[in-house]
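Asker: Mind having a look at this structure? Questions to follow.
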């Protein structure tokens, strides 16, 4: 029997990242190590600066194969559909993080300006208090 009831619900994967600082490129390779005969899934993700300096280009490629005779086409199609679905979710998460980073940076800048303004106001108040104490001391 191909699918047994004691099959694990988890698939082990390996991920390898290669960073090239000279070309400002990162390539991530991912592949499964469990159930490779049933379905072999490989992925390559390349992140590099786009021609426009403020953007980042992300290229994702995937390959799905199966060595099961008779089920090969069905398993490949299932694997491709599943990979596309997961890649879409991953992209949306990645995009959310990148957008969040921009928002967080804006938030950090706003907080820094607020802190500076608050410190300035405290220093001004302290200077007024010291000046008024000196004025009081002179009057005595």
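The values are calculated or read from the model by the stated rules, or taken from the named source; none is laboratory data. Just so it is clear, the structure is predicted and the values come from calculations on it, not from any experiment. Methodologically, a virtual Cβ is constructed for each residue, glycine included, from the backbone with ideal geometry; neighbour enumeration extends over all protein chains shown.
Asker: For residues in the range 45-69 being surrounded by 13 or more Cβ atoms within 10 Å (Cβ to Cβ) and more than 15 Å from the chain's Cα centre (by Cα), which is nearest to residue 86 (Cα to Cα)?
Answerer: The extreme case among them is 62.
Residues checked against (1) at pLDDT 90 or above; (2) assigned to a loop (DSSP other than H, G, I, E, B):
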{"site": "11", "(1), (2)": "no, yes"}
{"site": "19", "(1), (2)": "yes, no"}
{"site": "28", "(1), (2)": "yes, no"}
{"site": "42", "(1), (2)": "yes, no"}
{"site": "45", "(1), (2)": "yes, no"}
{"site": "57", "(1), (2)": "no, no"}
{"site": "63", "(1), (2)": "yes, no"}
{"site": "69", "(1), (2)": "no, yes"}
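Asker: Please work out if residue 34 is surrounded by fewer than 14 Cβ atoms within 10 Å (Cβ to Cβ) and part of a loop (DSSP other than H, G, I, E, B).
Answerer: Details: surrounded by fewer than 14 Cβ atoms within 10 Å (Cβ to Cβ): yes; part of a loop (DSSP other than H, G, I, E, B): yes.
Yes; evaluated as a whole, the condition is true for this residue.
Asker: What are the pairs, 6+ residues apart or on separate chains, where a residue within the range 54-73 that is under 30 Å from residue 99 (Cα atoms) has its Cβ under 9 Å from a residue that is loosely packed, with under 10 Cβ neighbours inside 10 Å?
Answerer: Filtered contacts from the range 54-73: 57/51.
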